[in-house]
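Single-structure report; data block below.
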Amino acid sequence: MSTDTNTPEPASKVELPEHLAGGEGEIPSFDCTIRIARFDPEVDEAPHWEDYQVTMYGTDRVLDALHKIKWEIDGSLSFRRSCAHGVCGSDAMRINGRNRLACKTLLKDLDTNKPITVEAIKGLPLEKDLIVDMEPFFQSYREVMPFLITSGHEPTRERLQSAEQREIFDDTTKCILCASCTSSCPVFWTDGQYFGPAAIVNAHRFIFDSRDEGGDMRLEILNDKEGVWRCRTTFNCTEACPRGIEVTKAIAEVKQAILQRAF
Amino acid sequence: MSTTSIPAPRTGYSRHKSSRSKFEMFAWLFMRISGIVLVILIFGHLFVNLWVGEGVQAIDFGFVAGKWASPFWQIWDLLMLWLAMLHGTNGLRTIIMDYAEKPGTRMSLQVILYIAATVIIVLGTLVIFTFDPCPAGADPALLANFCHAG
């Protein structure tokens, strides 16, 4: 515990007390400018940039900078975050023009000499500051039926699967539904009717699952005008995925599955 | 504070019911297959026209007429014309689909595209089968010199 009882408890790890932060392994600190696209629907017509000067440490992430701004400079800043450790998928945002999770992007990996731009993910209706309406995204997700579909009697034991069978769709089980991929897709930006990479990834997870029997239905759904054929293989989704899922490859596999089913 | 209305979401969800049409799948497949075939056709075309024999110097009305006297080159060029036109038209169609936001713009651009493609395909096909290097009754000054030989 802290020996100095007069100073209030720091709001976050950002402000480590001197005796903890100092010493031989001192974490280098630096000043940087965070440029955030602010949008208040009650006042603003369109988002506008606002700069915030903060002193951050080498171990800090973009999320820590946002926390510092919200807690110390401007409490009206709105953004989503839950676990803050890259698992829940709440804090996807456009950092320096690329879709990233704020909680997985270290400030030291960005160019701190220039302002770091942070804006809401594109293609989804903006609600406030960095918060977008995720409903169109989840609507597409629901449409591909992301749950196990089986027929017949309930099993009396586990549905067994070999390691090889599991390996086929292992990559697409990693999705955390942060919408980084879908909101990085240029086809989705201009016409939000496209199912989007995330929905296809989650369909892939069940289509190639040996225990599932709904693959045919899902392939039929994704054979739609707004389905996999709208993918232009620009690889934005693969580049954006914070979980390292090979999204474009998964989409290509679904395309192949539809073709094999047709011929 | 005055209440301002929040603009309607740009990407509201309004997807049409699945048409169960396989058109997009065939369009996608066609792009891949025609692309591969066109690589062979176009490079073959360039090699024969620009490289073999006297090369590019040999190209004139007579050279073209000579090639189209053979059904092999007629079919080659016909295939090249149709595949290239359909491949390009479909490519532009997808660009229009991706980037035109208003349904009106989308429709009018597509109409222009399809009319242009149809005119070029019909005209090109007609030329391949009816090409005459020395049309009767034409101004002799405009004709190639080999037309005067006979």
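Which of the residues that make up segment A:96-128 are more than 14 Å from chain B (Cβ to nearest Cβ), under 21 Å from A:ALA46 (Cα atoms) and touching a residue at least 24 places away in the same chain (Cβ under 8 Å)?
A:ARG98, A:ASN99, A:PRO115, A:ILE116, A:THR117, A:VAL118, A:GLU119
Give the residue, chosen from A:PRO197, A:PRO186, that is modelled with pLDDT under 95 and over 11 Å from A:VAL144 (Cβ atoms). Testing whether each residue is modelled with pLDDT under 95 and over 11 Å from A:VAL144 (Cβ atoms) leaves just A:PRO186. Criterion first (exposed (fewer than 12 other Cβ atoms within 10 Å of the Cβ), away from chain A (no Cβ under 11 Å), at pLDDT 95 or above and closer than 23 Å to A:VAL187 by Cα) does B:VAL39 satisfy it? Spelling it out, it is not the case that B:VAL39 is exposed (fewer than 12 other Cβ atoms within 10 Å of the Cβ), away from chain A (no Cβ under 11 Å), at pLDDT 95 or above and closer than 23 Å to A:VAL187 by Cα. Filter segment A:224-237 for residues that are more than 9 Å from chain B (Cβ to nearest Cβ) and free of Cβ contacts under 8 Å to residues at least 40 places away in the same chain; which is nearest to B:ASN90 (Cα to Cα)? This residue is A:THR233. If you go through segment A:178-190 and pick out every residue that is under 17 Å from B:ILE95 (Cα atoms) and in contact (Cβ under 8 Å) with a residue 24 or more places away in the chain, you end up with 5. For B:PRO140, work out the one condition from (1) modelled with pLDDT of 85 or more; (2) farther than 30 Å from B:MET25 by Cα it doesn't fulfil. Condition (1) is where B:PRO140 drops out.
Any residue that is open to solvent by 100 Å² or more (accessible area, probe 1.4 Å), modelled with pLDDT of 90 or more and within 30 Å of B:MET97 (Cβ to Cβ) - is there at least one of those in segment B:44-57? No, there is no match, as no residue in segment B:44-57 is open to solvent by 100 Å² or more (accessible area, probe 1.4 Å), modelled with pLDDT of 90 or more and within 30 Å of B:MET97 (Cβ to Cβ). Of the residues making up segment A:193-223, just one is part of a loop (DSSP other than H, G, I, E, B), within 14 Å of chain B (Cβ to nearest Cβ) and open to solvent by 10 Å² or more (accessible area, probe 1.4 Å), namely A:GLN193. Residues being open to solvent by 30 Å² or more (accessible area, probe 1.4 Å) and away from chain B (no Cβ under 14 Å): count how many of those fall in segment A:243-263. Residues meeting the conditions: 5.
For A:GLU164, state whether it is assigned to a helix (DSSP H, G or I), open to solvent by 50 Å² or more (accessible area, probe 1.4 Å) and farther than 20 Å from B:SER21 by Cβ.
Against the criterion (assigned to a helix (DSSP H, G or I), open to solvent by 50 Å² or more (accessible area, probe 1.4 Å) and farther than 20 Å from B:SER21 by Cβ), A:GLU164 qualifies.
When the criteria are applied in full, A:ASP74 meets the requirement of being over 22 Å from A:GLY192 (Cβ atoms), among the acidic types (Asp, Glu) and either more than 14 Å from every other protein chain (Cβ to nearest Cβ) or open to solvent by 10 Å² or more (accessible area, probe 1.4 Å) (or both). Please specify each residue of segment A:39-69 satisfying the condition of being touching an Asp or Glu at 6+ places or on another chain (Cβ under 6 Å) and surrounded by fewer than 20 Cβ atoms within 10 Å (Cβ to Cβ). The answer is A:THR55, and nothing else. Of all residues in segment A:129-156, those being facing chain B (nearest Cβ under 10 Å) and touching a Pro at 6+ places or on another chain (Cβ under 9 Å) number 4.
The values are calculated or read from the model by the stated rules, or taken from the named source; none is laboratory data. Since we're looking at a predicted model, the values are computed, not measured. Cβ coordinates were reconstructed from backbone atoms using ideal geometry, including for glycine residues, and neighbour counts include every protein chain displayed. For the accessible areas, the whole protein counts, side chains as well, though only heavy atoms, and no ligand, DNA or RNA atoms are used. Shrake-Rupley method; radii C 1.70, N 1.55, O 1.52, S 1.80 Å.
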